[in-house]
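I have placed the structure first, in the form of structure tokens, so that the comments after it can refer back to it.
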Amino acid sequence: MTKSAAVCMYLLMILCSIFCETDDDTVDMNNIKIISQVERFYLSPDMLEQLTKEGLAGNINSGGKVFDYYALSVFDLPNELNWAEILAENDSPAGMWNIAVNLELHRLKKDKIRSLYWLFLAAKNKEEYALNEIVREHLSIESPYPLLDTAFYKEANDKISDYEIEVLTDYTLRGGKKEAYKLYEYYWDYKHDKQEAVYWLRIGAQNKNEQCQYEYGKYLLAKGNENDKIRGLFWIKKAAKNGYEEAEKIVGKLKENEE
């Protein structure tokens, strides 16, 4: 059986179940729409693999198709949210809006604050829904905390107070660059909490901290998985574009090899 035939068979099974559950000869039009939607956004395994690689490399159009597949064809929520975040990182205003909406629904305070970052970034990129939401709700992305002393970020520090962690966290979630790197450095070098460190490293990369982008790219490249390597190179290129010297050297060598 071909892949397209398998899909048709699957849709036929859905239709049969709908007819069997209906007391009369009519079919709920909503079910017909769902079936049409599933078929429209279906991707074969080969196509999904190809588009996934392209999306991880930064292609917004390809990433959008993968997002639609998970959101509108197979209804896979974890992968849907994962690709909304990837699209946001790829500078897609729609992706920024989608991840902002999802984070706002979470109960955790830090998720709601992070939602503001993506919402305001989406608005900056002229996403109409985000612009309207900010105006309607009178939202602000400003932190309620005063800035920490500049010297704090320059010194190695293995003892950071709970208050300083609170301030660093708040500023990082709202888009802080140096704050993100400080949190990554603290959890990686002193707390030896890899999971927490990588969490803040990725947020720092999203916040356009070129050093975080470079370090996060290296972290992904070292994982060995092909898709992680593709995404790792994506972040290395981002860091190079933002002027990070070590990243520029790597991108330069890659270009030489291609020639």
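In degrees, nearest 10, range 0 to 90: what is the angle between the Cα axis of helix 162-173 and the longest Cα principal axis of the chain? Computed tilt is about 50 degrees. Dividing the convex hull volume of the alpha carbon atoms of the range 94-139 by its residue count gives 58 Å³ per residue. Which of the residue pairs Lys194/Lys229; Lys112/Lys223; Lys154/Lys229; Lys208/Lys241; Lys182/Lys223; Lys110/Lys218 have a Cα-Cα distance greater than 21 Å in the structure shown? Correct reply: Lys112/Lys223; Lys154/Lys229; Lys182/Lys223; Lys110/Lys218.
The mean sequence distance of close C-alpha pairs (under 8 Å, at least 6 residues apart), as a share of the length of the range 36-182, puts its relative contact order at 14 percent.
Look at (i) 1.05; (ii) 1.21; (iii) 0.93: the one that is Cα Rg over 2.2 N^0.38 Å derived from this structure is (ii).
How high is the relative contact order of the chain? Use alpha-carbon pairs under 8 Å, at least six apart in sequence, and give a whole percent.
Relative contact order for the chain comes out at 10 percent.
Backbone geometry of the range 91-103 corresponds, through the Karplus equation with coefficients 6.51, -1.76 and 1.60 at θ = phi - 60°, to 3J(HN,Hα) couplings of 6, 8, x, 5, x, 4, 5, 4, 6, 5, 4, 5, 5 Hz, x marking Gly and Pro.
Along the charge dipole of the chain, Cβ charges K/R +1 and D/E -1, which of Tyr187, Gln213, Asn242 sits furthest on the positive end? Of the options given, the answer is Asn242.
Can you tell me how the range 169-251 classifies by the Cα gyration tensor, rounded, prolate or oblate, using a/c under 1.5 as the rounded cut? Cα axes put the range 169-251 in the oblate bin.
Across the range 226-237, computed HN-Hα scalar couplings (Karplus, 6.51 cos²θ - 1.76 cosθ + 1.60, θ = phi - 60°) run 4, 5, 5, 5, 4, 5, x, 5, 4, 6, 4, 5 Hz from first to last residue, x flagging Gly and Pro. Taking θ as phi - 60° and the Karplus parameters 6.51, -1.76 and 1.60, the scalar couplings of the range 241-253 work out to 4, 8, x, 7, 4, 4, 5, 4, 5, 5, 5, x, 5 Hz in sequence order, x denoting glycine and proline.
Can you tell me, using C-alpha contacts under 8 Å and at least 6 residues apart, the relative contact order of the range 94-139 as a whole percent?
35 percent
Read-outs: derived from the displayed coordinates by stated rules, not from any lab. Remember, predicted model here, so these are calculated numbers, not experimental data. FYI the Cβ positions are ideal-geometry reconstructions off the backbone, even for glycines, and counts take in every protein chain you see.
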